[in-house]
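Here is the structure we will look at, set down as structure tokens.
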2 protein chains.
Amino acid sequence: MTKERLYLFDTTLRDGAQTAGIEFSLEDKISVTALLEDLGVDYIEGGYPGANVVDTEFFSQKRTRRATFTAFGMTKRAGRSVGNDPGVQALLDSRADATCFVAKAWDQQVVLALGITPEENLAALAETIKAGVEAGKEVLVDAEHFFDGYKSNPGYAASFVETALQAGARWVVLCDTNGGTMPFEIEDIVRALPVDHARLGIHAHDDTGQAVANTLAAVRAGVRHIQGTLNGIGERCGNANLMTIIPTLALKPGFADRFEIGIDAARLHDITRISRTFDELLNRAPSRQAPYVGSSAFATKAGIHASALAKDPSTYEHVPPESVGNERSVMVSQQAGKSNLLITLKRHGIELAKDDPRLDTLLRHVKEREARGYSYDGADASFVLLARKTLGMLPEFFDVENYRTSVERRHNARGEQIAVTEAVVKIRVGDDLLMSVAEGNGPINALDLALRKDLGKYSDQIGDLELVDFKVRILDGGTGAVTRVLVESRDGTGERWYTVGVSPNIIDASFEALYESITYKLLKTEAPAQIPA
Amino acid sequence: MTKERLYLFDTTLRDGAQTAGIEFSLEDKISVTALLEDLGVDYIEGGYPGANVVDTEFFSQKRTRRATFTAFGMTKRAGRSVGNDPGVQALLDSRADATCFVAKAWDQQVVLALGITPEENLAALAETIKAGVEAGKEVLVDAEHFFDGYKSNPGYAASFVETALQAGARWVVLCDTNGGTMPFEIEDIVRALPVDHARLGIHAHDDTGQAVANTLAAVRAGVRHIQGTLNGIGERCGNANLMTIIPTLALKPGFADRFEIGIDAARLHDITRISRTFDELLNRAPSRQAPYVGSSAFATKAGIHASALAKDPSTYEHVPPESVGNERSVMVSQQAGKSNLLITLKRHGIELAKDDPRLDTLLRHVKEREARGYSYDGADASFVLLARKTLGMLPEFFDVENYRTSVERRHNARGEQIAVTEAVVKIRVGDDLLMSVAEGNGPINALDLALRKDLGKYSDQIGDLELVDFKVRILDGGTGAVTRVLVESRDGTGERWYTVGVSPNIIDASFEALYESITYKLLKTEAPAQIPA
């Protein structure tokens, strides 16, 4: 049996931007697009050109290599032509491959919110779609309030869909705008629609905790296009979570045997990483409970479950954790811990025997430090330094005798408020004692500049070292809590590495991560000469 | 039409205790039981007496007033009588009203994990149930692996259910143990079972994000007993979330019109408080996105949505937020329009006319500041201060002339590395110039302590001000980027508020958020006297 193709449409950058507390910068949008291309979705909806500066700038270039680059916006206003509607023109002028026009499919709302007749609404819809098609765009339509509209007036909702398809829309996407529709209603309504189901899509929200179920119910009823977001972000309770829907479509009976999505097993294996990277970008802790990708998704606590798992994994694992790039986590045993360490060390070119006693010491160090707030999952370079230090394989490149940093806010000679930030570091490189001072636009920037100002004989080697990102997480509440700082660095070779620092003092935690970043860079360069391979 | 009764069974204290990172003390169990009684569930499963000290102690007394107090445990082992099985005896001897026995309904697992024949399993099940009934308990059975078992051998799974019902079990609960079953499968399998559906229950897990949908599908197929947990805690991805299921059953068409649950409108109104209190007890931040009870569940950010909401709430609210004791929250953001501003201002007691020109000025200020990195959707208190300042309604309580903070890492007299952090602030309160100094475990902590040390005539008013949380977000990459700091504060009245600061300098951004937190606190206290209502 040939499988039918389902198309995945990601709206993280558009509907996901409605999430309370989330605001994407242009750089964020570019990073998220790269993640979505890694994942392999078919459409990336990047925002609403013309609505704000970031989105307009984002659509001034073509931003995707593979996915259909999609702009969102409204159909033309009644009473003016498409040519005279600057909103529609901004969409047609953008560098998007496709445009997704939203319009209301609920006649009452058309009258109440737009103040036009239901017929004028359909005419504006058709005219806008035709203009989009003529401009060379693939056109999609978000049928807003479709399900509530259908319940109130099935005839109008159905003619909305028919009008859009006849006008040339490739997809009409049925939206459960307020998120209140039940799966059985979705299934009944979709089945009853007298149109070509292979041109319908679903857009579900999680207001009753059923966005995933509503999406899958619509697919069973015939739609072939799915809208959702990374980690289910979105307005109110969020949109349908693609991180849950994709593995279900790819792996579960009833879907995997009937449908094909553009995401093969290798890409699916990457989904846990993509989910967690996205949370990192949002600077929030990933949900442990998240289906498939959460750190607890394949965790078991009960001893009896653990032993049953050993006999037959399917008892408590509905899919193999490896299939989604996640891993089983059974109560941490000394043995399980060691095999993890061995694998990680090997990845960094350090081969140890399974019974090497230094492995126990390293495991103890890792556990002690993780108990204090360190996290080596995201800080490979710091793990390498800790491992090499424990194993006696880390040369001492330079040492910091002391440092001092100060921030002062005061008035300058012209009476303006200014903040002056300064850092002083004293380091030892071999027999040389070097002291440097620098100003920065913050204490950590000043420390970074002072540290790198003079590294003696190593100065040349860090010329291409660049700090890419800097993340701060407060591990408990309050300003007196422990702070974890994660620094991302990169050099001329294109390699990126991550280091971590932990302290109640944010400056000290940052300094530790900066120091380790420089040390790792020197290790990369010096290691061939100093350490037997 | 008379409605059918559905029975709610809470397993927070038993299956919920399998959650990674959650461990209930005896006191916790007593507190959670009180919460569950407030909510009004029919059954409270308190744990597994005999399995550990806490659970045995918990079941040494009757702990519920209204709900059926239920103990969990295994059916007797094959090869010994019920009287000789200490596990079963501990259950029968406990002060529970009911016992829920778990046994495997998948013949392969019976053979593989227990090493007995499928027939021996059924005989042990029947004998255990009879002993429970004879001991005066209401008996429930958790049919473990029921759905996987049914798919593998429908005859055996069905005879498991029949055996349990014939032996006298009040309820047989169909368990989707590994959480991998789809709603359509649940519905088909439940319907096909040739037994009295009014004695069946459902126990679902969230491994495909469909625990709620699976539960509701089972109800539609005939089961009349529902197991779940507070906030969906539980092993792996969690159990079915009663905080989502209860409002759906009570409010949504297709359920509310057909079924009755033992929770009236007044108790339903308490569900948001109960959900958040439970998270407080677990010492974790409540999920903002949670259906019905999350702080974002009725939040809207887009300006067009806000104006539509004002005309007709059903457009973006599928149920009234008050019905579950939650509230609508309209956020101020880049996407906001004037209607968001008006609604937010009104909530803070400031009524302006729609055409007040100061509204345009305020909107411009908000957008300018958001473009610089501020985010007001998570910082209501800072928004109030900005609005009052723009409208000329903010008294100047105190002003900061200058501040200075320093961090020094050096060796102490004993040769140990130490970090010393100090802050000095100079503030003006009326005509008084006050200077304070403090040490802290980080520069922001030191600044906070120094700022609050002496506020002159306002010192008494901030005695109960407490910083609860502190979040740092770097808005672009690198240590030279803009930093946004969000501070959460609370006072003796229990009110919490959020302030935001933005600067390339993390110290300056933190200082701004701290300053605004104190100003907001003073505004709360002083406003009645200083600002015309």
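For region A:28-61, the set of residues classified as at the interface with chain B (Cβ under 9 Å from one of its Cβ atoms) and surrounded by fewer than 15 Cβ atoms within 10 Å (Cβ to Cβ) consists of A:Val53 only.
Please verify whether region B:25-36 includes one or more residues that are acidic (Asp, Glu) and either out of contact with any Leu (no Cβ under 9 Å at 6 or more places or on another chain) or modelled with pLDDT of 95 or more (or both). Looking through region B:25-36, at least one residue is acidic (Asp, Glu) and either out of contact with any Leu (no Cβ under 9 Å at 6 or more places or on another chain) or modelled with pLDDT of 95 or more (or both). Take A:Leu230 and decide whether it is touching a residue at least 60 places away in the same chain (Cβ under 8 Å), surrounded by 20 or more Cβ atoms within 10 Å (Cβ to Cβ) and more than 8 Å from chain B (Cβ to nearest Cβ). Taking the combined requirement at face value, the residue satisfies it. Inside region B:94-122, residues that are in contact (Cβ under 8 Å) with a residue 40 or more places away in the chain, surrounded by fewer than 21 Cβ atoms within 10 Å (Cβ to Cβ) and assigned to a helix (DSSP H, G or I) make up a count of 2.
Within region A:403-462, the residues that satisfy the criterion of being touching a residue at least 40 places away in the same chain (Cβ under 8 Å) and farther than 18 Å from A:Ala513 by Cβ are A:Gly456, A:Tyr458, A:Gln461. Just one residue in the set B:Asn214, B:Asn178 is closer than 21 Å to A:Ser296 by Cβ, among the polar types (S, T, N, Q) and touching a Lys or Arg at 6+ places or on another chain (Cβ under 9 Å); that residue is B:Asn178. Residues in region A:384-423 that are acidic (Asp, Glu), farther than 20 Å from B:Ala509 by Cα and either assigned to a helix (DSSP H, G or I) or modelled with pLDDT of 90 or more (or both): A:Asp399, A:Glu401. Name every residue in region A:424-442 that is assigned to a loop (DSSP other than H, G, I, E, B) and in contact with a helix residue (DSSP H, G or I) (Cβ under 6 Å, 6 or more places away or on another chain), in order of residue number. Passing the criteria: A:Gly440, A:Gly442.
Rundown of residues vs (1) touching a helix residue (DSSP H, G or I) at 6+ places or on another chain (Cβ under 6 Å); (2) within 8 Å of chain A (Cβ to nearest Cβ); (3) of a type in the set (Ser, Thr, Tyr); (4) in a helix (DSSP H, G or I), yes/no style:
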| site | (1), (2), (3), (4) |
| --- | --- |
| B:Ile444 | yes, yes, no, yes |
| B:Ala450 | no, no, no, yes |
| B:Ser459 | no, no, yes, yes |
| B:Lys471 | no, yes, no, no |
| B:Val485 | yes, no, no, no |
| B:Ser489 | yes, no, yes, no |
| B:Gly494 | no, no, no, no |
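Once region B:145-166 is narrowed to residues that are of a type in the set (Ser, Thr, Tyr) and more than 11 Å from every other protein chain (Cβ to nearest Cβ), the residue that is surrounded by the most Cβ atoms within 10 Å (Cβ to Cβ) is B:Tyr150. Here B:Thr215 meets the list (1) surrounded by fewer than 24 Cβ atoms within 10 Å (Cβ to Cβ); (2) assigned to a helix (DSSP H, G or I) almost entirely, failing just condition (1).
The set of residues from region B:376-392 being in contact with an Asp or Glu (Cβ under 6 Å, 6 or more places away or on another chain) and not hydroxyl-bearing (Ser, Thr, Tyr) comprises just one member, B:Leu385.
Applying the condition of being out of contact with any Ser or Thr (no Cβ under 6 Å at 6 or more places or on another chain), closer than 30 Å to B:Met435 by Cβ and of a type in the set (Asp, Glu) to region A:380-432 and asking which residue is farthest from the other protein chains (Cβ to nearest Cβ) yields A:Glu416. When the criteria are applied in full, A:Val500 fails the requirement of being within 12 Å of another protein chain (Cβ to nearest Cβ), surrounded by 20 or more Cβ atoms within 10 Å (Cβ to Cβ) and of a type in the set (A, V, I, L, M, F, W, C).
Among the numbered conditions (1) modelled with pLDDT of 95 or more; (2) away from every other protein chain (no Cβ under 14 Å), the only one that A:Phe72 does not meet is (2).
Among the residues of region B:256-273, the ones that are surrounded by fewer than 19 Cβ atoms within 10 Å (Cβ to Cβ), out of contact with any strand residue (DSSP E or B) (no Cβ under 6 Å at 6 or more places or on another chain) and outside any helix (DSSP H, G or I) come to 7 in all. Among the conditions (1) touching a Cys at 6+ places or on another chain (Cβ under 7 Å); (2) assigned to a loop (DSSP other than H, G, I, E, B); (3) farther than 26 Å from A:Pro320 by Cβ, the only one that B:Gly179 does not satisfy is (3).
From the list B:Val407, B:Val425, B:Val429, the lone residue that is farther than 30 Å from A:Ile427 by Cα, of a type in the set (Val, Ile, Thr), crowded, with 19+ Cβ neighbours inside 10 Å and more than 38 Å from the chain's Cα centre (by Cα) is B:Val425.
Residue-by-condition table, conditions (1) at the interface with chain B (Cβ under 10 Å from one of its Cβ atoms); (2) under 24 Å from A:Gly16 (Cβ atoms); (3) over 27 Å from the mean Cα position of the chain (by Cα):
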position	(1), (2), (3)
A:Gly168	no, no, yes
A:Trp171	no, yes, no
A:Gly180	yes, yes, no
A:Pro183	yes, yes, yes
A:Arg199	no, no, yes
A:His203	no, yes, no
A:Ala211	yes, yes, no
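Could you pull out the residue among B:Ile263, B:Ile271 that is under 16 Å from the mean Cα position of the chain (by Cα) and aliphatic (A, V, I, L, M)? Going through B:Ile263, B:Ile271 in turn, just one is under 16 Å from the mean Cα position of the chain (by Cα) and aliphatic (A, V, I, L, M): B:Ile271.
When region B:30-51 is filtered for residues that are within 17 Å of the chain's Cα centre (by Cα) and free of Cβ contacts under 8 Å to residues at least 40 places away in the same chain, the ones remaining, listed by number, are B:Thr33, B:Ala34.
If you go through region A:358-383 and keep only what is assigned to a loop (DSSP other than H, G, I, E, B) and not acidic (Asp, Glu), you end up with A:Arg372, A:Gly373, A:Tyr374, A:Ser375, A:Tyr376, A:Gly378, A:Ala379. For region B:255-271, the count of residues that are touching a residue at least 40 places away in the same chain (Cβ under 8 Å), farther than 24 Å from B:Arg199 by Cβ and within 13 Å of chain A (Cβ to nearest Cβ) is zero.
For region A:299-318, residues that are more than 7 Å from chain B (Cβ to nearest Cβ) and either in contact with a Phe, Trp or Tyr (Cβ under 8 Å, 6 or more places away or on another chain) or modelled with pLDDT of 85 or more (or both) total 2.
The values are calculated or read from the model by the stated rules, or taken from the named source; none is laboratory data. The structure presented is a predicted model; accordingly, all values stated were derived computationally and were not measured. Cβ sites come from the backbone with ideal geometry, for glycine too, and all protein chains shown count toward neighbours.
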